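*Asks:* Supplied in structure tokens, the structure appears directly below.
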Amino acid sequence: MRNLPPPVLSCNEVLISCISNIRDQTLYTNVNSNLFSYELAEKSYDKKGKTSKLHTIQSHRDVNGQISKNQMMFLYDKMVKKENPARDYYDELLASSRRCPFCGYGKSTTLDHFLPKSSFPIYAVTPLNLVPCCKDCNTTKLTKTTDENLLFLHPYFDNADDSRWLYCDIGIFPETIAFRFKVVKPSIWDNEKFERMQYHFKTFNLNDLFMSFATEEFSDNLHQLKTLYASYIENGASVSNAELAIKDDLNGKFISCQKHLINHWKTAMYDSLRNSNAFLKWIENYEY
Ligand SMILES: [Zn+2]
């Protein structure tokens, strides 16, 4: 989960562009006469997002009984289709994060309606409700109910990096090291935020994703660690000094990763390796 700065675009700016080339004059007039309602709804979204109260927004069927859900979907299509002027806003939102903030790794190729447009049509084109993300995460969110969707962390509002929550357990096997990532509750988080992070982590299968990256990273570094250990022993150093050299190396990698991203899988991985005496013994005995 990566945080993103909220877009500075307003809902009305996007809406005016969406209706700029429509033929339906009634819809055009109705949207124009409801701009104040869209603006109020956007302000409410911003306020509730900042106080983790998006779940208190009521689902609804239309906008003031004048603009239907289908008409809001039609207006959103005006953002999606490339030939329309509103597509510029779609592209602008998409370009705000090349990487998907939900998983942190996929390429952003689509916009997710954080509050689904089917249940919250007034927010169908509201930039604060549109999050750039990868297809996999978008598909996962689409399979969830409205209540379940509200459990995901919102990249514009929920600060996931105010504390460290990602940790890693390692399993030592004769031929390899296995990694398992987990969410640990930071002391400054309340239970609700912790449970939402657990849901987010589990539902987007982040452990599987991080495990595959960690296994590759470890294989990339194994030769260097083994060589470092062997060079100390060959130069007459004691086993404990050779172990210390490995620990220092892992510690340096941990600190560098932590400075970059406190909840990066590499931070968690190097933290677990640097603290494992069993891993040091494994390196000593591993036949490369
Ligand atoms: Zn993703």
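*Asks:* Please report 98, 164 as a ranked list, fewest other C-beta atoms within 10 angstrom at the top and most at the bottom.
*Replies:* Lowest count first: 98, 164.
*Asks:* Let me ask something else. Counting only GluC sites (Glu not before Pro) that sit in a DSSP loop (anything but H, G, I, E, B) with at most 14 other Cβ atoms within 10 Å, what is the longest stretch of the chain containing none of them?
*Replies:* Looking at the chain, 176-286 is the longest stretch - no exposed GluC sites (Glu not before Pro) with at most 14 other Cβ atoms within 10 Å.
*Asks:* Given segment 11-149, report the % of alpha carbon pairs whose separation exceeds 24 Å.
*Replies:* Percent of Cα pairs beyond 24 Å in segment 11-149: 28.
*Asks:* Between residue 240 and residue 55, 0.36 nm times their residue separation minus their Cα-Cα distance comes to what?
*Replies:* Contour length minus the Cα-Cα distance gives 61.1 nm.
*Asks:* At residue 220 and residue 187, where each label point lies 7 Å from the Cα along Cα→Cβ, what is the point-to-point distance in nanometres?
*Replies:* 3.5 nm
*Asks:* Taking a quarter of the surface of the Cα convex hull of the chain, what do you get in nm²?
*Replies:* 17.1 nm²
*Asks:* Which FRET efficiency value, to the nearest 0.05, do you get for residue 73 and residue 35 by plugging their Cβ-Cβ distance into 1/(1 + (r/R0)^6) with R0 = 22 Å?
*Replies:* 0.70
None of the figures in this text is laboratory data; all of them are computed from the coordinates on show. Not measured: the values here are computed from a predicted model. Note that each Cβ is placed from the backbone with ideal geometry, even for glycine, and that neighbours are counted across all protein chains shown.
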